[in-house]
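Notes follow once the structure below has been shown.
The values are calculated or read from the model by the stated rules, or taken from the named source; none is laboratory data. None of these values were measured; they are calculated from a predicted model. Cβ sites come from the backbone with ideal geometry, for glycine too, and all protein chains shown count toward neighbours.
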Amino acid sequence: MNTKKRILDAALTLFSEKGYANVFVAEIAEAVGIKAPSLYKHYKSKREIFNAILDEMKKSYDNQASSLNMNGNDSITDAKIFSKISQDDLVKMGIGLFMYFLNDDYAQKFRKMLTIEQFSNKELAELFSKQYYDAPISYQSAMFAMLTANCVLTDNNPDVMALQFYAPIFMILTICDREPHRETELTALLEKHIRQFSKIYSRGE
């Protein structure tokens with residue numbers, strides 16, 4: 001593993017344990033096994049390290065979405081994909097993404113850091129809301145609107161549908177963060193949630 005990647009991994013681990021504000025560059029360098037001046041050859045500041053972590057997470061998510069044969073960012077593209085798949089494939093995609101967010105090292109630690117910082121750092125609190133509410137709800141609402149317009153789903157309020165679909169998933173995710181021993185139990189419940197949502201809103205089911 002190259003030094004830049006080791007710096008990101010060490011930084012994110014420290015951020016997830018102590019919070020972003022309570023970690024200093026010297027600590028990150030010590031965790032990597034280098035001196036602070038050597039770290040600055042790779043990243044100019046703690047903020048640059050943070051931004052690089054965001055970039056790495058974006059790449060990782062895009063790769064995961066692609067492995068599930070979806071875009072994951074473009075609601076128009078994904079609406080076309082979801083309009084043609086079976087309920088079983090919908091479950092496979094949903095659980096695949098859930099397991100990624102739950103178990104991917106970067107995603108898990110980043111979520112933990114934001115959870116720690118949300119009450120003391122306004123910027124990171126806003127990022128938490130954007131990452132885990134605004135962005136997924138906006139994406140799913142736009143996708144449900146297209147699926148409704150194309151008569152794939154029944155005619156309902158897409159914003160409410162997005163909330164009904166996503167809220168239980170995020171709740172299960174946060175429970176698993178706190179109680180990892182419940183992963184099997186709650187993943188089974190997640191599958192039932194996806195199937196019931198599909199049954200309620202899909203035309204012809």
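A few comments on the model shown:
- Which numbered condition A65 fails, given (1) out of contact with any Gly (no Cβ under 6 Å at 6 or more places or on another chain); (2) modelled with pLDDT under 95: (1)
- Any hit, the range 151-165, residues being of a type in the set (D, E, K, R), more than 22 Å from K80 (Cβ to Cβ) and part of a helix (DSSP H, G or I): no
- Within the range 48-73, the set of residues being surrounded by 15 or more Cβ atoms within 10 Å (Cβ to Cβ) and either of a type in the set (A, V, I, L, M) or closer than 20 Å to P158 by Cβ (or both) comprises I49, A52, I53, M57, A65, L68, M70, N71, G72.
- Counted residues, the range 8-42 - those being over 22 Å from the mean Cα position of the chain (by Cα) and either farther than 25 Å from Q118 by Cα or part of a helix (DSSP H, G or I) (or both): 18
- Some residue of the range 95-103 being of a type outside the set (V, I, T), more than 16 Å from I172 (Cβ to Cβ) and either buried (at least 19 other Cβ atoms within 10 Å of the Cβ) or touching a Ser or Thr at 6+ places or on another chain (Cβ under 8 Å) (or both): no
- Qualifying position, being in contact with a Phe, Trp or Tyr (Cβ under 9 Å, 6 or more places away or on another chain) and farther than 30 Å from R203 by Cβ, among K112, K59, K18: K112
- Flag if T77 is touching a helix residue (DSSP H, G or I) at 6+ places or on another chain (Cβ under 8 Å), under 25 Å from Q131 (Cα atoms), polar (S, T, N, Q) and in a helix (DSSP H, G or I): no
- Qualifying residue in the range 184-193 (condition: within 19 Å of the chain's Cα centre (by Cα), assigned by TED's automatic domain parsing to the domain that holds F101 and among the small types (G, A, S)): no
- Applying the set (1) loosely packed, with under 13 Cβ neighbours inside 10 Å; (2) closer than 16 Å to F110 by Cα; (3) among the hydroxyl-bearing types (S, T, Y) to S16 leaves exactly one unmet item: (1).
- Filter result for the condition that a residue is under 19 Å from the mean Cα position of the chain (by Cα), free of Cβ contacts under 8 Å to residues at least 40 places away in the same chain and within 24 Å of M99 (Cβ to Cβ), over N51, N71: N71
- Any hit, the range 56-63, residues being without any contact (Cβ under 8 Å) to a residue 40 or more places away in the chain, more than 26 Å from K122 (Cα to Cα), assigned to a helix (DSSP H, G or I) and not assigned by TED's automatic domain parsing to the domain that holds A142: yes
- Residue in the range 109-121 that is closer than 17 Å to S75 by Cα, in a helix (DSSP H, G or I) and either in contact with a strand residue (DSSP E or B) (Cβ under 6 Å, 6 or more places away or on another chain) or free of Cβ contacts under 8 Å to residues at least 60 places away in the same chain (or both) present: no
- Picking from residues in the range 80-93 that are exposed (fewer than 13 other Cβ atoms within 10 Å of the Cβ) and either in a helix (DSSP H, G or I) or not basic (K, R) (or both), the one that is modelled with the lowest pLDDT is S86.
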